[in-house]
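Down below is the structure, laid out as structure tokens.
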Amino acid sequence: MLGMLSAALILRHGGWDIPGRGASGARLRLIDSGRATTLEAERLCLAGVDVFTSDKAGRTLADWIILAKAAEKGGGSVAHFQHGPLISSPPAGVPSFEDLKEAARLGIRIYLSDKTEKRLADEIIVLAEASRDGGRRLGFYHHGPEEPWLLELARRGAWIHVSPDLPAASAPSPLLLEVASEAAARGAGLVVHVEQAASETALEDLREAGAYLLFRTPPSDYRSPLRPLEEKAARRLPDSTASYLYSEFMR
């Protein structure tokens, strides 16, 4: 029955949001709200479901160990988004920085953003290394000016999301081009969210350096010089694991 549902349909089931599978047979994905028991979550992982959890769900390291083993056995996966700060000694029910590192080493995909929480470069790089040790890649959403340490993150095979300001006649910074090149060389990539009018030349330079372009602007007129670039970008999309749940959002 679930396989017949539209991909846009959301069901409620035992404390989970379930984006249903479409006719194409895409994998079933479930959003952990924290109300389901660990046993229920384990069974879903054993059934090959992709589970998306976060620090808001209140899962512990012990839960993650169970889910990671179940996902490995059942062919599913577990992804975690860290909304809150990275803390060494957090209150009960909140994952610590050490917990996140261990989860990454277990093969759980870790994602986080610096939109609302200040992140330390060293900590992000450590998480990227732990993710690589676990056979996964860190997903990081960077807001604000480009930082030199993003290059080190790229060299550790992380997926890096940015939304740079590239007005007409501007060029991408040499740093951003190098981040795109290094991330691509490590099997991941720089994902550029194009959310406003941007320089066609700058975007093409980034694409040629290895970046993935996700256009969030209305489609250009067929006479626009951006139209061919939009079409090329649509034919080359990042891996589904580059983003947490949906590629459309710059979190």
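So the values come out like this:
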read-out: Within segment 141-251, helices (runs of 4 or more DSSP H) holding 2 or more residues that are within 30 Å of THR53 (Cβ to Cβ) and more than 13 Å from the chain's Cα centre (by Cα); value: 149-155, 174-185
read-out: In segment 36-58, the residues that are assigned to a helix (DSSP H, G or I) and surrounded by fewer than 23 Cβ atoms within 10 Å (Cβ to Cβ); value: THR38, LEU39, GLU40, GLU42, ARG43, LEU46, ASP55, LYS56, ALA57
read-out: Residues satisfying the stated conditions in segment 235-251, i.e. among the small types (Gly, Ala, Ser) and buried (at least 19 other Cβ atoms within 10 Å of the Cβ); value: ALA242, SER243
read-out: Filter result (farther than 21 Å from LYS118 by Cα and assigned to a strand (DSSP E or B)) within segment 68-93; value: SER77, VAL78, ALA79
read-out: Residue under evaluation LEU177, criteria (1) crowded, with 18+ Cβ neighbours inside 10 Å; (2) in the same structural domain as ARG251 (by TED's automatic domain parsing); (3) closer than 20 Å to TYR244 by Cα, criterion not met; value: (3)
read-out: Filter result (in contact with a helix residue (DSSP H, G or I) (Cβ under 8 Å, 6 or more places away or on another chain) and at positive phi) within segment 55-112; value: GLY107
read-out: Unmet requirement for ARG109, which otherwise passes all of (1) in contact (Cβ under 8 Å) with a residue 40 or more places away in the chain; (2) over 18 Å from the mean Cα position of the chain (by Cα); (3) closer than 14 Å to ASP55 by Cα; value: (2)
read-out: Number of positions in segment 130-140 that are surrounded by fewer than 18 Cβ atoms within 10 Å (Cβ to Cβ) and assigned to a helix (DSSP H, G or I); value: 1
read-out: Matching residues, segment 196-220, being buried (at least 16 other Cβ atoms within 10 Å of the Cβ) and either basic (Lys, Arg) or in contact with a Phe, Trp or Tyr (Cβ under 8 Å, 6 or more places away or on another chain) (or both); value: ARG207
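The values are calculated or read from the model by the stated rules, or taken from the named source; none is laboratory data. Just so we're clear, the structure is a prediction, and the values are computed from it rather than from any experiment. As a convention, Cβ positions derive from the backbone with ideal geometry for all residues, glycine included, and neighbour counts pool all protein chains shown.
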